[in-house]
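J.: Structure below; questions to follow.
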Amino acid sequence: MEMQSNPIVKDEAARSGRTELRVLVLFHSWSGNTHCLAEAVAAGAALAPQVRVELRRVPELRDERLLLEDLRIGAKFAVIQSCPLATADDVINADVLVLGCPTRMGTMSAEMKCFIDGLSTLWRAGAFEDKVGAAFTTASTPHGGQEMTLMSLAVAMTHLGMVMASPGYTAAIFEDAGSPYGATATSKVQGVRVRPTEADLVAARALGRRAARVGQLLQRGRDAEKVLS
Ligand SMILES: Cc1cc2nc3c(=O)[nH]c(=O)nc-3n(C[C@H](O)[C@H](O)[C@H](O)COP(=O)(O)O)c2cc1C
């Protein structure tokens, strides 16, 4: 999927002289765990002043009717389905892009990878330079590849020319939940499916807040540069 657009023109027009910061939380999820983190990231980002936050999902590679018919995920996917699909304009207009997906075979889901690969036209036109990036994921086991997935998302965003807002240990919660590379949750405990814990959600909110803050610092720097030039 290649996104057709005239990014430079749109990007300049959409982003110059704007005071509000636009944060796009872009996720992939089937059974809702990553969706839970996405909502928490969006809520955290929305705490910053003068921020507009949008929650969008990446397109499925499978027929969505089959996902709805799947007894294990159908009801959960129906909720996710009500979230709009991301458009090229959503991506172009964002100052901050926070990407999240399930860990699949130790790395990002194919759906997220396919979406990122489809950004190549925008990428070649420089549409991602100086956008801020951050990442989150869920996996069913505690060491099932969360950090690999976060790093795979970070690698892709680095290729796009984005500035990564790593959480590090910038909030105390990262000592207990998430990771210095992004927000995480484990969706199975002793074989039982569970939702992200309150600590996971606090870490996801902290990630959203941090990404928005780094975005605002960069925005102020750009504004100051304009005044000085
Ligand atoms: C094809 C496939 C591959 C998966 N691979 C992994 C994996 O490598 N490690 C892991 O811990 N969980 C793995 N899982 C489990 C999901 O990462 C986990 O259930 C996740 O929380 C699902 O997110 P969602 O609820 O947002 O759909 C896999 C699931 C599927 C369907």
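J.: Enumerate the amide H contacts of residue 47 below 5 Å, restricted to partners 5 or more residues apart or on another chain; note that Pro and chain-start residues carry no placed amide H.
T.: none
J.: Give the long-range amide H neighbours of residue 104: residues separated by 5 or more places, or on another chain, with amide H under 5 Å away, using H modelled in the peptide plane at 1.01 Å from N.
T.: When sequence neighbours closer than 5 places are left aside, the close amide H contacts are 109.
J.: Then there is this: At a probe radius of 1.4 Å, what is the per-residue accessible area of residue 130, in Å² to the nearest 10?
T.: 80
J.: Averaging over every viewing direction, what projected area does the convex hull of the Cα atoms of the range 122-187 cover, in nm²?
T.: Values: hull surface 18.5 nm².
The orientation-averaged projected area of the Cα hull of the range 122-187 comes to 4.6 nm².
J.: Separate question: Could you tell me the relative contact order of the range 7-228? Use alpha-carbon pairs under 8 Å, at least six residues apart, and round to a whole percent.
T.: Numbers: 432 pairs, mean separation 57.3, N = 222.
Relative contact order here is 26 percent.
J.: Roughly how many Å² is the accessible area per residue of the chain, as a whole number, for a 1.4 Å probe? Don't skip to the end; give the middle numbers.
T.: Values: 10940 Å² over 229 residues.
On a per-residue basis, the chain sits at 48 Å².
J.: I'd like the distance between the alpha-carbon centres of the range 121-169 and the range 34-63, rounded to an integer number of Å.
T.: What the calculation gives is 15 Å, centre to centre.
J.: Could you look at the range 7-228 and say what percent of its accessible area is carbon and sulfur, using a 1.4 Å probe and all protein chains? It would help to have the intermediate numbers written out before the result.
T.: Numbers: 5880 of 10330 Å².
Its accessible area is 57 percent carbon and sulfur atoms.
J.: Here's another thing I want to ask about it. At a threshold of 8 angstrom on Cα-Cα distance, excluding pairs fewer than six apart, so keeping six or more, what relative contact order does the range 135-183 reach in percent?
T.: Working: 42 pairs, mean separation 19.3, N = 49.
Over the range 135-183, the number comes to 39 percent.
J.: Moving to a separate point now. Could you compute the FRET efficiency for residue 47 and residue 69, with r as their C-beta to C-beta distance and R0 at 45 Å, rounded to 0.05?
T.: 0.70
J.: Another one. For residue 131, list long-range residues whose amide hydrogen, built 1.01 Å from N in the peptide plane, is under 5 Å from its own amide hydrogen.
T.: For residue 131, the qualifying residues are 163.
J.: In µm²/s, what is D for the chain at 25 °C and 0.890 mPa s, where D = kT/(6 pi eta Rh) by Stokes-Einstein and Rh is the Kirkwood radius from Cα pairs? It would help to have the intermediate numbers written out before the result.
T.: On the way: Rh = 17.6 Å.
Taking Rh from Cα pairs, D becomes 139 µm²/s.
The values are calculated or read from the model by the stated rules, or taken from the named source; none is laboratory data. Nothing here was measured: the structure is a model prediction, and the numbers come from that model. As a convention, Cβ positions derive from the backbone with ideal geometry for all residues, glycine included, and neighbour counts pool all protein chains shown. Just the protein is used for accessible areas: all its heavy atoms, side chains included, with ligands, DNA and RNA removed. Shrake-Rupley method; radii C 1.70, N 1.55, O 1.52, S 1.80 Å.
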